[in-house]
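Quick note: the coordinates plus some simple rules give every number you see, no bench work behind them. Worth saying up front: this structure is predicted, and the values here are computed from it rather than measured. So basically every Cβ, Gly included, is an ideal-geometry build from the backbone, and we count neighbours across all protein chains shown.
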Amino acid sequence: MNILGIETSCDETSAAVVCNGQVLSNVVSSQHCHSAFGGVVPELASREHERLIVSITDFAVTEANITKNELDVIAATAGPGLIGAVMVGLCFAQGLAYSLGIPFVPINHIEAHIFSPFINEGDSHQHPEGSFISLTVSGGHTLLSVVAQDLSYEVIGRTLDDAAGEAFDKTGKMLGLPYPAGPVIDKLAEKGDTSFHKFPRALTSQSQTSKSYFGNFDFSFSGLKTSVHTWLQKQTPQFIELHLADIAASIQWAIVSVLVEKTILAARSRGIKTVSIAGGVSANSTLRKAMKDACDKHSIFLHIPGIVYSTDNAAMIATLAGVKLTRGMKAEHCYNVAPYASFAAGARKAGLK
Ligand code: KG4
Ligand code: ZN
């Protein structure tokens, strides 16, 4: 079964072909037009998707060494995301499915991230270890969920304010770094000292009484943002320039240490021995290493997506469509965009429990 996946929820235009759970092609075009603005400009994002969607799709089909007539199903992100951006991919995908006379499958973007560590493992993939804890960290979401074998899930923690990726991007902007700042901070931090300055870690063992801390899997990053802002205002530009790598490493560690601590806490308190990380921030080298070290220490098995499948990509959309169809989900011919769909609501509409 050849599935074409389309992803346009934010600032990546992507198309992929997945056949029986194996990726045949995955074409991703990242929009650079936003870097001057320090964040994604929704109108520009929609226009870029519109400009590229046909050629990216053609490229993905050609790369997969098939023709459009050999496609069996088309899947696209239906939300959450920027409404205009999602609509470009969703309408294009449904139009193409209609013209080819093949079924269409709407996919929840966050759910696709959650499943991304299992890309290339086949449509009938089962998690051998049963339930797992998923840390999903992107530019718009920070979620801890317990995911069961049948893909049903329970969200047990979420950010109360900024997402982890947003914390990277906004503190990076304060340092004068281009958008998205996450990968730039990751690179800079390689040469920095994580203990150069201790920025706050909200809702952790260091900031809570043990009673409220142990039942609390929520995150908060807005205090970190304010703290970085206030601290930077007290420093000279020369000092900041001289210690840029140390500051980047300190900010990164303030974010990563919280993500790791909460994920391990969730796994241990639920007695779950498998953890996965997903979403754009899971590309972070320090997060990948620190999570692996912590999991090893507690004899927890860790699933991590390949770097190309961490940030937004259409392979994860097509892969999840294949898994859902294998599990009996019915394809549709018409679906409305769900830009603000919460994870749970979006997933419910997309056919999960
Ligand atoms: O999942 P994603 O590609 O798009 C959304 O669904 O939001 O995530 C994008 C986010 C951005 O905030 C970006 O700065 C962050 O992921 N990101 C990283 C890294 N690569 C991407 N953050 C830290 N380190 C990275 N290497
Ligand atoms: Zn994403």
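For segment 130-304, what does the relative contact order come out to in percent, with C-alpha contacts under 8 Å and a separation of six or more?
Rounded, it is 29 percent for segment 130-304.
Give LYS198/LYS297; LYS292/LYS330; LYS297/LYS324 a once-over and call out the pairs whose C-alpha atoms are over 27 Å from each other.
Listed pairs above 27 Å: LYS292/LYS330; LYS297/LYS324.
Kindly put SER195, SER46, SER285 in sequence by how many other C-beta atoms sit within 10 Å of each C-beta, fewest to most.
If I rank by nearby Cβ atoms, fewest first, I get SER195, SER285, SER46.
Calculate, for ASP296 and ASP72, the FRET efficiency according to 1/(1 + (r/R0)^6) with r their C-beta to C-beta distance and R0 51 Å; round to the nearest 0.05.
After rounding to 0.05, the efficiency reads 0.80.
Of TYR98, TYR179, how do they rank once you tally other Cβ atoms within 10 Å and put the fewest first?
By the 10 Å Cβ count, ascending, the order reads TYR98, TYR179.
Could you tell me the calculated FRET efficiency between THR326 and SER99, based on Cβ-Cβ distance and R0 = 25 angstrom, to the nearest 0.05?
My answer for the efficiency is 0.50.
Can you list, largest first and rounded to whole Å, the semi-axes you get for the chain by taking the square root of 5 times each eigenvalue of its Cα gyration tensor?
34, 24, 16
For the chain, return all DSSP H helices satisfying: extent of Cα atoms along own axis at least 24 Å; mean Kyte-Doolittle hydropathy at least 1.0.
Going by DSSP H runs, the hits are 83-100.
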